[in-house]
1. Only one of these is touching a strand residue (DSSP E or B) at 6+ places or on another chain (Cβ under 7 Å) and modelled with pLDDT of 95 or more: Arg303, Arg298, Arg321. Name it.
2. For the stretch 421-438, check the following and say yes or no: at least one residue is under 18 Å from Thr290 (Cβ atoms), touching a residue at least 24 places away in the same chain (Cβ under 8 Å) and small (Gly, Ala, Ser).
3. Give the stretch 142-165 a look and list any residue that's away from the ligand (no atom under 13 Å from the Cβ), open to solvent by less than 10 Å² (accessible area, probe 1.4 Å) and more than 14 Å from the chain's Cα centre (by Cα), or say none.
4. Out of everything in the stretch 460-475 that is within 11 Å of the ligand (Cβ to nearest atom) and part of a strand (DSSP E or B), what residue ends up being surrounded by the most Cβ atoms within 10 Å (Cβ to Cβ)?
5. Does any residue in the stretch 262-287 that is aromatic (Phe, Trp, Tyr) come within less than 6 Å, Cβ to Cβ, of a residue that is within 16 Å of the ligand (Cβ to nearest atom) and not in a helix (DSSP H, G or I) six or more places away or on a different chain, and which pairs are these?
6. Could you grab me the full set of residues in the stretch 1-40 that are out of contact with any Asp or Glu (no Cβ under 9 Å at 6 or more places or on another chain) and of a type in the set (Asp, Glu)?
7. Identify all residues within the stretch 189-234 that are out of contact with any Asp or Glu (no Cβ under 9 Å at 6 or more places or on another chain), open to solvent by 20 Å² or more (accessible area, probe 1.4 Å) and either near the ligand (Cβ under 7 Å from one of its atoms) or modelled with pLDDT under 95 (or both); write none if there are none.
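The values are calculated or read from the model by the stated rules, or taken from the named source; none is laboratory data. Not measured: the values here are computed from a predicted model. Cβ: placed from backbone, ideal geometry, glycine included. Neighbour counts: every protein chain shown. These accessible areas exclude ligands, DNA and RNA; they are computed on the full protein's heavy atoms, side chains included. Shrake-Rupley method; radii C 1.70, N 1.55, O 1.52, S 1.80 Å.
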Amino acid sequence: MSQLDPVPCFIGGRAAPLGAAFEKHDPATGRPAALVAEADEAVVDAAVAAARGALRGPWGRTTLDQRLAFLETLAAHMEANLPAIVAQEIADTGKPVTVTTNVEIPRAIANLRAFAQIARAERQETFETPVAGGRARNTVLRHRVGVIGIVAPWNLPLLLLTWKVAPALACGNAIVVKPSEHSPRTAVMLARMASACGLPDGVLNVVHGHGAGAAGAFLVSHPGVDAITFTGETRTGEAIMRAAAAGPRPVSLELGGKNPALIFADSDVEAAVAGTARSMFDNCGQVCLTTERVFVQRPIFERFAAGLVAAAAALRPGDPRAPQTTLGPAISAVQREKVLGLYARAKADGAQVLAGGGALDMPAPFADGYWVAPTLWAGLPDDAEICRREVFGPCAHLSVFDEEDEVVARANGSEFGLAATVWSADPARVERVAAGLESGTVWANCWRVRDERAPFGGFKRSGIGREGGARSLDFYSELKTVCVFEPAA
Ligand code: NAD
């Protein structure tokens, strides 16, 4: 036990005593690697109290400029400590070092700077109303909400955390974060670094533990939490919304997806293969924006499918810390079993397996890690389980289509609507198809190009509300209209 890394909660500006704890395993090896605090109700209560106390202290009197300067200081501090952050994120998730170093942690840091810029660039709304004897001037002000409860997932731990922490701090709130039990380390690191950069004690608190019936549920049902933002599975989102009804408190829900890619015969097929492969296999398919349904126009189906099979074969699973590795493991034994169960049922349903289809045999020391094979299927109808349920693994089902209207309708035939990708060289087609898709984001001839100023969120069961740019500032602040009568001169 003693050689396991302890991962404590962080409350009121310092690490809390570890207390009750659970073992967290290294996904690449399957071995126990960390001992993570399991916060009980008293610990969550202490974290919420610390956050509320911080609002009454100096943090509650900071100006917008001071808070934005802090975000920029924190970003610079994180940049200077990038290798240490990368090491912790890999230890939790088994992500390949190259993408963690070059994409994920830099983007986590970029969120801090982006929201500083977004908040700084905002123009205050004012409205003048003529009234008898003068005029009324309406000014729209932002006021912090209070204590924000953040419940985060494991797939992009720090990136999705700073996506919420940055605008919440910009707006002057205090925060209690419950990171995923599978990826606790970088949240504590963020809180420690924020403290080192001068964030007052209690502004950013971290409680660890499980979700249902545990720390996650304690946090979202705590009456001292004023608003809740959640990223994770749709079913968990339902439970969180029920908890938020007490109050009621505002919620922002970023949930699951079953994202389609529509590949037209007029597209640049090589680029479409490369982009679609990335959208299926990046982060072992554990991205909410990942493509799991691929619709290919008939004339190019065979060529496109062969390209994807080759891309799957070219992936290099292995030591997450080796620069040549391009495929990491699933996050946990439970997630691996879920993915393999869906793989087995797709086969039992009659899918033609074009690539993979099962576990991935790895040499020592990775033999007991949570590896799953990149997998491609074809031949199933749109209502088959594998074409409807989110797998959250490195896999997709490929179908043939003929007509534009047909493929838009089939792409929309899902209970989810988070992201969709269109590959076509015809701008008019791209415009028509994008207009018809029921999806929070539509990418055309690219994938996962993100601009923090643009709204982000899902249609249907993929979420409620939008974050990004001014929408994030709207969630993390109350808008206040101040109406002042000015008599005519
Ligand atoms: P999850 O819902 O299992 O867990 C997310 C978090 O919720 C964890 O911290 C967990 O402990 C907590 N939790 C679980 N039950 C809870 C409860 N009853 N009350 C309070 N907290 C609870 O999700 P996950 O497996 O960590 O993440 C994968 C899912 O997240 C996928 O469905 C994926 O599509 C989705 N996701 C969505 C987005 C998006 O922006 N839309 C981004 C990333 C991931």
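1. Details: Arg303 fails: touching a strand residue (DSSP E or B) at 6+ places or on another chain (Cβ under 7 Å); Arg321 fails: touching a strand residue (DSSP E or B) at 6+ places or on another chain (Cβ under 7 Å).
So the residue among Arg303, Arg298, Arg321 that is touching a strand residue (DSSP E or B) at 6+ places or on another chain (Cβ under 7 Å) and modelled with pLDDT of 95 or more is Arg298.
2. No, that holds for no residue.
3. Gly146, Val147, Ile148
4. If we take residues in the stretch 460-475 being within 11 Å of the ligand (Cβ to nearest atom) and part of a strand (DSSP E or B), then Gly463 is surrounded by the most Cβ atoms within 10 Å (Cβ to Cβ).
5. Phe281/Pro394
6. Asp5, Glu23, Asp40
7. Residues satisfying the conditions are Ala212, Ala217.
Results for (1) under 22 Å from Leu473 (Cα atoms); (2) in contact with a Gly (Cβ under 9 Å, 6 or more places away or on another chain); (3) part of a helix (DSSP H, G or I); (4) not assigned by TED's automatic domain parsing to the domain that holds Pro200, shown as yes or no for each residue.
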residue: Phe22; (1), (2), (3), (4): no, yes, no, no
residue: Ala39; (1), (2), (3), (4): no, yes, no, no
residue: Val48; (1), (2), (3), (4): yes, yes, yes, no
residue: Phe70; (1), (2), (3), (4): yes, yes, yes, no
residue: His77; (1), (2), (3), (4): no, no, yes, no
residue: Ala87; (1), (2), (3), (4): no, no, yes, no
residue: Ala110; (1), (2), (3), (4): yes, no, yes, no
residue: Arg113; (1), (2), (3), (4): yes, no, yes, no
